[in-house]
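Please read the structure below before turning to the comments.
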Amino acid sequence: MKRRSFQPQTTSQQNRHAFTLIELMIAIVIILILLGLLIPAIGAVRLRAQQSQVRAEISSLESALTSFKADFGMDPPSYIILHEAGTATWDQHSKALIRKMWPQFQFGLDRDINNDGDETDSFELSTGECLVFFLGGVWDSTGVAPNGFSKNPADPFSIASGGTNRQGPYFEFDTSRFTDIDGDEAAEYKDTFPSQQLPYLYISSYGGRGYRTTELPSIPALSVNVTNVYHQGTPGDPLGPAFKLKSYQIISPGADSQYGTGGNYSSDKNFPAGRTVEADNITNFTSGALK
């Protein structure tokens, strides 16, 4: 039996092996470059898809608000104080709103709006809290989800475990997205961005009577300081007419969970340095993010 002899590699063979290694290194570099280009593109596509999902939900909220208005003759307010005790003194603004929505409302009745066994609570609802309350209604007897309003015109805030004698809910809220950023036990609703920390803002113009800047949120601990709704005009110029002048504005803080301050907005003008966080806000008067 012949033994196979091992011949030393020639120089050309060694060069071929070295050249193959160089080719592999070049291929790896090319792949890394392509990944560097592709990953941001994938991220941008994902962001646009998330923004489209939020804008679609805002459209659904608008449809729900239209249904509410059809039943009650007005858009929901964005600020109101509700009282459980029949002896409570209602402020003029809140009482007038209740009278318009429920003309036969009995202010002298004791009621347990939040079903906690106590009929002495008062609830100061603003912006996003009003969106949840008026589209969802009072919570059901289990405290799991909003259950609309009673059709009893004297006591629409009565709790019920079910049945058909209810108006609403007008919107099917995902209860996992409820939040309470101001800690007052009144729910607000976050958009669909996975890491969202802040809720939708809802601000009513009260049928065109005007937006009330006093209703806008200011929570320094969360860097929230909204000073204006959005107006038509160049940022930095005097305020122009408000968008959605006769209805309402819905504002998502976008993927960065920052509202900014609000004010003038023009689609072909950039935000100034102090307002760049607003570029990814999503509203009911634009088809996507502001910029």
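Quick note: the coordinates plus some simple rules give every number you see, no bench work behind them. Owing to the predicted nature of the structure, the values given are computational and were not obtained by experimental measurement. Here Cβ is always computed from backbone atoms with ideal geometry, including for glycine, and neighbour counts include all displayed protein chains.
Quick one: 3J(HN,Hα) in Hz for the stretch 270-283, Karplus 6.51/-1.76/1.60 with θ = phi - 60°, rounded, Gly and Pro as x.
7, 6, x, 3, x, 10, 4, 5, 7, 4, 9, 4, 10, 10
For LEU245 and ASP180 in the same chain, what is the full-extension length gain: residue separation times 0.36 nm, less their Cα-Cα distance, in nm?
20.6 nm
I need the Kirkwood Rh of the chain: take the reciprocal of the average 1/r across all distinct C-alpha pairs and report it in angstrom.
About 22.3 Å, per the Kirkwood formula over Cα pairs.
Compute the convex hull volume of the Cα atoms of the stretch 114-155, divide it by the residue count, and report the result per residue in Å³ as a whole number.
Spelled out: Cα convex hull of the stretch 114-155, divided by residues, is 92 Å³.
Running a GNM on the chain with Cα contacts under 10 Å, which residue among THR127, THR87, THR66 ends up with the highest mean-square fluctuation?
THR87
Report the label-to-label distance for THR286 and LEU24 in nanometres (one decimal), using points 7 Å from each Cα along the Cα→Cβ vector.
My value for the distance between the label points is 5.0 nm.
In the stretch 116-143, whose amide N lies under 17 Å from the spot 7 Å out along Cα-to-Cβ of THR87? List them in ranges.
Answer for this model: 118-122.
Would you mind checking which residues have amide H under 5 Å from VAL224's amide H? H placed 1.01 Å from N; only 5 or more apart, or other chain.
HN-HN under 5 Å from VAL224: ILE219.
Which of the residue pairs LYS246/LYS291; LYS100/LYS190; LYS244/LYS291 have a Cα-Cα distance greater than 22 Å in the structure shown?
Over 22 Å apart, Cα to Cα: LYS246/LYS291; LYS100/LYS190.
So what's the net charge close to PRO253: Lys and Arg +1, Asp and Glu -1, counting the other residues with Cβ under 11 Å from its Cβ?
With Lys, Arg at +1 and Asp, Glu at -1, the neighbours total -3.
List, in order, the whole-Hz ³J(HN,Hα) value for each residue of the stretch 130-136 obtained from phi through the Karplus relation with A = 6.51, B = -1.76, C = 1.60 and θ = phi - 60°; use x for Gly and Pro.
With the stated coefficients, the stretch 130-136 comes to 5, 4, 5, 5, 7, 8, x Hz.
Using a Gaussian network model on the chain with a 10 Å cutoff between Cα atoms, which of PRO238, PRO156, PRO40 fluctuates the most?
For the chain, modelled as a Gaussian network with Cα springs under 10 Å, the answer is PRO40.
Rounded to a whole number of µm²/s, how large is the Stokes-Einstein D of the stretch 223-275 at 20 °C and 1.002 mPa s, given Rh as the Kirkwood radius over C-alpha pairs?
After rounding, the answer is 183 µm²/s.
Helix-only mean residue ellipticity at 222 nm, the chain, DSSP H runs n ≥ 4 weighted -39,500 (n - 2.57), per residue, nearest 500. What is it?
-10000 deg cm²/dmol
Give me, ordered by chain and number, the residues 5 or more places off TYR189 or on other chains with an amide H under 5 Å from its own placed amide H.
Under 5 Å from the amide H of TYR189 lie the amide H atoms of THR179, TYR200, each far enough along the sequence or on another chain.
Karplus couplings for the stretch 145-153 from phi (6.51 cos²θ - 1.76 cosθ + 1.60, θ = phi - 60°), rounded to Hz, Gly and Pro as x?
With the stated coefficients, the stretch 145-153 comes to 7, x, 10, x, 10, 5, 7, 6, x Hz.
Cβ under 11 Å from LEU109's Cβ, LEU109 left aside: what net charge do those residues give with Lys, Arg +1 and Asp, Glu -1?
Around LEU109, the charge tally is -4.
Mind checking which of PRO76, PRO146, PRO103 has the largest fluctuation in a GNM of the chain, springs on alpha carbons under 10 Å?
Ranking PRO76, PRO146, PRO103 by mean-square fluctuation puts PRO103 first.
Taking H as built 1.01 Å from N, whose amide H comes closer than 5 Å to the amide H of ALA242, not counting residues under 5 places away?
GLN232
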